[in-house]
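To start, the structure under review is shown below, and the notes come after it.
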Amino acid sequence: MADKIRVHDPRGYPPKVTGKRLAPRLETLEGKNVFLVDCLFDNSEVFMNELSDWFAKHFPKVNISIIKPRQSWVDDPEMRAKVAANGDAAILGVGL
């Protein structure tokens, strides 16, 4: 029977991945602008709101802004430019 079964790998051929260093850590978040990026996954809006509330309670001197791309799974250069120009840090939320 083993000679009658054919298995195909649905993952295809993975792209070549080149590692990058993480961004340097900020000494403090106090007084910094942190963007919470809602990546439009299921329930990510709920998670971002909860995270914003957590920051307000535990780190009230951190300026939090929730931001969303125009579409899910599509790069939004305008949003990235806004975060780069006005933010000190960003947290990406992908839902629960």
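In terms of overall dimensions, the C-alpha atoms belonging to the stretch 29-96 reach 32, 28, 11 Å along their principal axes, ordered largest to smallest. Relative to the longest principal axis of the chain, what angle (0 to 90°, nearest 10) does the C-alpha long axis of helix 77-86 take? Computed tilt is about 30 degrees. In a DSSP loop and with at most 15 other Cβ atoms within 10 Å, the trypsin sites (Lys or Arg not before Pro) in the stretch 2-96 are 6, 11, 16, 20, 21, 25, 61, 70. For the stretch 15-96, chymotrypsin sites (Phe, Trp or Tyr not before Pro) meeting the loop criterion (DSSP other than H, G, I, E, B) and having at most 15 other Cβ atoms within 10 Å: 41, 73.
Only the coordinates and a few stated rules stand behind these numbers; no lab work does. These figures come from a predicted structure and were not determined experimentally. Note that we place each Cβ from the backbone using ideal geometry, even for glycine, and neighbour counts take in every protein chain shown.
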